[in-house]
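Below you'll find the structure, written out as structure tokens, and then a few comments.
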Amino acid sequence: MKFLTTNFLKCSVKSCDISNDSFPLKYNGETCKIEQTPLDTVTTTNPADGSDIDEEYINYEFLLGIIDRLDWNAVLEVAQDLGNTSLPASKPSLTMDGDFNETSADHNTMINNNKALLRDLQILLMQTNIVEGDMKCKNCGHVYYIKNGIPNLLLPPHLA
Amino acid sequence: MSRPEDLAPPEVFYNESESSKYTTNTRVQHIQAKMTLRALELLNLEKSSFILDVGCGSGLSGEILSEDNHVWCGMDISPDMLQQGLEREVDGDIMLQDMGQGIPFRAGSFDAAISISAIQWLCNADTSYNDPKQRLMRFFNTLFGCLKKNGKFVAQFYPKDDSQTDQILQASKIAGFSGGLVVDNPESKKNRKYYLVLTSGSGSSDI
Ligand SMILES: [Zn+2]
């Protein structure tokens, strides 16, 4: 399960719907095993001499679209659960260049101005996976397990 | 052919051998791919999005989402199907979940949601504690909540009969969705396909 998902996943139990404590889940630092997958590479052609260039694949468009939706406090909380306390205290903001709008030229400027930040976000959100472990709802205390990277969110009949 | 929905609950029906049969059957793959592409067309997304795949199975539909650079989370109730997904190393996050228990994501998580050949299972009562009406409502209420405002949900499904379609549509409306049903190849009993096309939030529907 990607770190990204921890920023959206909450407790399934119906009576936890209205609680502010059902998100984020509390990840167990003792049991959670983290794996980082290397960035994919994409091969493009060098326009100068036609040779192949290997470039890191970063899903810029997705990241630009998701950044507003990130709950940074939850990012910090879960990162801390998992033993990472080195993230910036507030959500990094994108460097805007003039009036950002959706035209593709501005879009590219936006990406170019924020490459390092977007690469960091790609690694944190998309390449960092919880492969084993468990997490608990801070409201009802229900524990969910992750095995082989798959969280088991099924509720027993008495909680469903 | 009998409907799998009538034989046993999905987690029982899609056991290891059925799951691998289903996933490796090229005809099934082809049909699933075609329906996923059609669902994507109906979603009409402009850019790389965060998508929920309800009843993702082994990730056949998810792989098509990945090809378009979308990032997805998939839920399925069959561990064997998810195992197939693991073996095929799908890019999306897959999780063991029962859609009738609700979609456990915070408000406004996803740009859109899709479902291929799954939501008719909600209409089944497999156990004494499974009330289809309640499960449908729980599903649509929580799905509505976890979609961004004006986020779309497109679901291809196999209704048993018209009353099942009505039941599904009605539950979606009560949850606050607008939209309706798109039927492809309505004249062909064999190739007819049903797509539920819904938008969260009011606003006028374009179908
Ligand atoms: Zn809870």
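The values are calculated or read from the model by the stated rules, or taken from the named source; none is laboratory data. Predicted model only: the values in this text are computed from it and were never measured. Positions of Cβ are generated from backbone atoms using ideal geometry, with glycine treated the same way; all protein chains shown enter the neighbour counts. Remember, those area values only see protein heavy atoms, side chains included, never the ligands or the DNA or RNA. Shrake-Rupley method; radii C 1.70, N 1.55, O 1.52, S 1.80 Å.
Only residues that are free of Cβ contacts under 8 Å to residues at least 40 places away in the same chain, among the hydroxyl-bearing types (S, T, Y) and within 11 Å of another protein chain (Cβ to nearest Cβ) were counted in region B:49-78, giving 1. A:V13 meets all of the listed conditions (1) among the β-branched types (V, I, T); (2) out of contact with any Asp or Glu (no Cβ under 7 Å at 6 or more places or on another chain); (3) more than 11 Å from the ligand (Cβ to nearest atom); (4) more than 20 Å from A:M126 (Cα to Cα) but one, namely (3). Scanning region A:132-141 for residues that are more than 11 Å from chain B (Cβ to nearest Cβ) and open to solvent by less than 50 Å² (accessible area, probe 1.4 Å) returns A:G133, A:D134, A:M135, A:G141. Summed over region A:16-30, the residues that are near the ligand (Cβ under 9 Å from one of its atoms) and open to solvent by 70 Å² or more (accessible area, probe 1.4 Å) give a count of 1. B:D161 fulfils the conditions (1) at pLDDT below 95; (2) within 19 Å of the chain's Cα centre (by Cα); (3) open to solvent by less than 20 Å² (accessible area, probe 1.4 Å) except for a single criterion, (3). When we screen A:L153, A:L121 for residues that are within 16 Å of the ligand (Cβ to nearest atom), under 25 Å from B:G151 (Cα atoms), open to solvent by less than 30 Å² (accessible area, probe 1.4 Å) and within 14 Å of chain B (Cβ to nearest Cβ), the only hit is A:L153. Please verify whether region A:31-54 includes one or more residues that are in contact (Cβ under 8 Å) with a residue 12 or more places away in the chain and either within 16 Å of the ligand (Cβ to nearest atom) or in contact with a Lys or Arg (Cβ under 7 Å, 6 or more places away or on another chain) (or both). No, region A:31-54 contains no residue that is in contact (Cβ under 8 Å) with a residue 12 or more places away in the chain and either within 16 Å of the ligand (Cβ to nearest atom) or in contact with a Lys or Arg (Cβ under 7 Å, 6 or more places away or on another chain) (or both).
Output the residues belonging to region A:12-28 that are among the small types (G, A, S) and either at the interface with chain B (Cβ under 10 Å from one of its Cβ atoms) or in contact with a Lys or Arg (Cβ under 9 Å, 6 or more places away or on another chain) (or both). Outline the logic, then answer.
Going residue by residue through region A:12-28, those that are among the small types (G, A, S) are A:12, A:15, A:19, A:22.
The answer is A:S12, A:S19, A:S22.
Pairing each residue of region B:25-40 that is farther than 14 Å from B:Y158 by Cβ and modelled with pLDDT under 95 with any residue that is surrounded by 14 or more Cβ atoms within 10 Å (Cβ to Cβ) and among the hydrophobic types (A, V, I, L, M, F, W, C), provided the two are 6+ apart or on different chains, yields C-beta distances under 9 Å for B:Q29/B:L60; B:A33/B:L60; B:A33/B:I64. Looking across region B:37-75, just one residue is among the charged types (D, E, K, R), under 18 Å from A:G149 (Cβ atoms) and open to solvent by 20 Å² or more (accessible area, probe 1.4 Å), and that is B:E63. Before we move on, is A:Q127 in contact with a Ser or Thr (Cβ under 6 Å, 6 or more places away or on another chain) and within 12 Å of chain B (Cβ to nearest Cβ)? So A:Q127 passes the test. Just one of the listed residues (B:A107, B:A112) is within 13 Å of chain A (Cβ to nearest Cβ) and buried (at least 24 other Cβ atoms within 10 Å of the Cβ), and it is B:A112. Taken together, A:N108, A:N84, A:N113, A:N139 contain a single residue that is within 16 Å of the ligand (Cβ to nearest atom) and on the phi < 0 side of the Ramachandran plot, which is A:N139. Remark: pairs (first residue in region A:122-145, polar (S, T, N, Q); second residue open to solvent by 30 Å² or more (accessible area, probe 1.4 Å); Cβ separation under 6 Å; 6+ apart in sequence or on different chains) = A:Q127/A:Q36; A:Q127/A:T37; A:T128/A:Q36; A:N129/A:E35; A:N139/A:D21.
Could you pull out every one of the strands (runs of 3 or more DSSP E) wholly within region B:99-204 that has 1 or more residues that are over 22 Å from A:K10 (Cβ atoms) and in contact with an Asp or Glu (Cβ under 6 Å, 6 or more places away or on another chain)?
Numbers: elements: B:110-116, B:147-157, B:178-184, B:193-199.
Ranges flagged: B:193-199.
Restricting attention to region A:46-92, the residues that are under 15 Å from A:T128 (Cβ atoms), within 13 Å of chain B (Cβ to nearest Cβ) and open to solvent by 20 Å² or more (accessible area, probe 1.4 Å) total 0.
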